[in-house]
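**Student:** First the structure, then my questions, so here it is.
The values are calculated or read from the model by the stated rules, or taken from the named source; none is laboratory data. This structure is a prediction, so every number in the text was calculated from the model and none was measured. Cβ: placed from backbone, ideal geometry, glycine included. Neighbour counts: every protein chain shown. Just the protein is used for accessible areas: all its heavy atoms, side chains included, with ligands, DNA and RNA removed. Shrake-Rupley method; radii C 1.70, N 1.55, O 1.52, S 1.80 Å.
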Amino acid sequence: TSVYIFDCFLIAFFFFVCADVLLFTVRSFLVTILSKSHADHNVYPSAGVLFVHVLEREYFKGEFPPYPKAGDSSNDPITFNTNLKGYPDRPGWLRYIQRTPHSDGVLYGSPASEHVGKPTIIEITAYNKRTFETARHNLVINIMSTEEFPLPYQAEFFIKNMNVEEMLASEVLGDFLGAVKNVWQPERLNAINITSALDRGGRVPLPINDLKEGVYVMVGADVQFSSCLREVETPQNQLRCSQEMEPVISCDKKFRAQFHIDWCKISLVDITKVVPVHSNRPDPGTGVLPDIGEYNPPSESLKNRDYFADFLITLAVPSAVAMVLFIILAYSMCCRREGVQKRNMQTPDIQLVHHSSIQKSTKELRSMSKNREISWPLSTLPVFHPVSGEVVPPIHPDSYETTSMLLMQTQTNLQNQIQIPQQQSSGK
């Protein structure tokens, strides 16, 4: 009976495990089918108008299959990789930014008129760094033409207290366009492009005092520039800009509450007065090399080559030159020495006498240093005082230890010991 109960328990456990695995497989398959069902997303931006598309992390979290290990799935680090379908990178007009894996990614740019009517398929791949899962879908950008493109009057502002992802937010961009419209008073006003200051050669700011990178915002309108925008072109403001001082702009207070604009970097362009420059560009071609047939390798029957001449040029000639130089150096160093006798014959006698006396004095000092018990030199014997006639004691008496006495110190003590007697007056 116990064996029968144990077998039933094993069979039930086996069916339970199989059902769990089957349920997990079906759930993963359904999630994958759901992900593929809404993989393609179509957008319709206008040429010459800023295009912004946000890659929301919450949207991609539902496309990842369930992960068996416990964890906070709402805070998974997710990064994105974007590229033109069939190519390793995005189109030249389209940029992408994502600060951290816990923030949304943003695609932004300004399509040109030559892109109208050409669907641009962008492959977006999301990476979940906690579960190591990936999800991919396509973004189809259908660029539409507009009658307002291009707007004839374009102004580019440099905002110092904003980063590009902050400026791309719809609320912030709307506030800025509202401030510009209040100053410019146009009928039509559009944001044309947004560029980070880093893409213009700016430096990454230090992480102190909440410094920002800065962003360039280009807007276009259908009316002439207002007097406030042209104030920066006055000679007084141009002089202040050349001295790195802020110009005096009357409408700056309408931006100062939220946007800090560098008025010295504002650019006003009237495209109706710009002379177009047409350059003849070469035809880029298809990018495929022409078919020149199959590769024909060289024949196996190669001619024999004599390497003896190469050997002479490579080894024999340098060796011969080195040997000649060695013989010349050996002859100069060994065979042309004058010798001591010839040197003495060419030296004056007085110089030889001086040299001989120096050598004798040196030998005497060295021999005295080796043997301290020999007689004292004449300089240490008792002498007579030239004035009084008294006998002056020697510098080094026999009782002194001369080996440990310094010469300068001994002469100093001698001066202290010798007292020249004063001459007595004639009366005494």
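**Student:** Going residue by residue through the stretch 94-109, is there one that turns out to be open to solvent by 50 Å² or more (accessible area, probe 1.4 Å), in contact with a helix residue (DSSP H, G or I) (Cβ under 7 Å, 6 or more places away or on another chain) and among the basic types (Lys, Arg)?
**Tutor:** Looking for residues that are open to solvent by 50 Å² or more (accessible area, probe 1.4 Å), in contact with a helix residue (DSSP H, G or I) (Cβ under 7 Å, 6 or more places away or on another chain) and among the basic types (Lys, Arg), one finds at least one in the stretch 94-109, hence yes.
**Student:** Moving on. Looking only at the stretch 197-229, which residues are part of a strand (DSSP E or B) and touching a residue at least 60 places away in the same chain (Cβ under 8 Å)? Walk me through it before giving the result.
**Tutor:** Initially, the stretch 197-229 is screened for residues part of a strand (DSSP E or B), giving 215-221.
Within the stretch 197-229, TYR216, VAL217, MET218, VAL219, GLY220, ALA221 meet the criteria.
For (1) surrounded by 10 or more Cβ atoms within 10 Å (Cβ to Cβ); (2) part of a loop (DSSP other than H, G, I, E, B), each residue gets a yes or a no:
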| position | (1), (2) |
| --- | --- |
| ASN304 | no, yes |
| PHE311 | yes, no |
| PHE326 | yes, no |
| MET333 | no, no |
| ARG336 | no, yes |
| ASN344 | yes, no |
| THR347 | yes, yes |
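A quick yes/no check of all residues on (1) under 31 Å from the mean Cα position of the chain (by Cα); (2) aliphatic (A, V, I, L, M); (3) modelled with pLDDT of 90 or more:
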position	(1), (2), (3)
GLU63	no, no, no
PRO66	no, no, no
LYS69	no, no, no
THR82	yes, no, yes
SER110	yes, no, yes
HIS115	no, no, no
ILE124	yes, yes, yes
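**Student:** Among the residues in the stretch 171-192, are any open to solvent by less than 50 Å² (accessible area, probe 1.4 Å), over 23 Å from VAL49 (Cβ atoms) and polar (S, T, N, Q)? Step through it out loud before you land on a result.
**Tutor:** Going through the stretch 171-192, the residues open to solvent by less than 50 Å² (accessible area, probe 1.4 Å) turn out to be 172-174, 176-180, 183-184, 186, 189-192.
Pick out the ones that are also over 23 Å from VAL49 (Cβ atoms) and you get none.
The answer is no, given that none of the residues of the stretch 171-192 is open to solvent by less than 50 Å² (accessible area, probe 1.4 Å), over 23 Å from VAL49 (Cβ atoms) and polar (S, T, N, Q).
**Student:** Here's another thing I want to ask about it. Restricting the stretch 128-152 to residues that are crowded, with 20+ Cβ neighbours inside 10 Å and over 19 Å from ARG95 (Cα atoms), which is farthest from the chain's Cα centre (by Cα)?
**Tutor:** Ranking the candidates gives LEU151 first.
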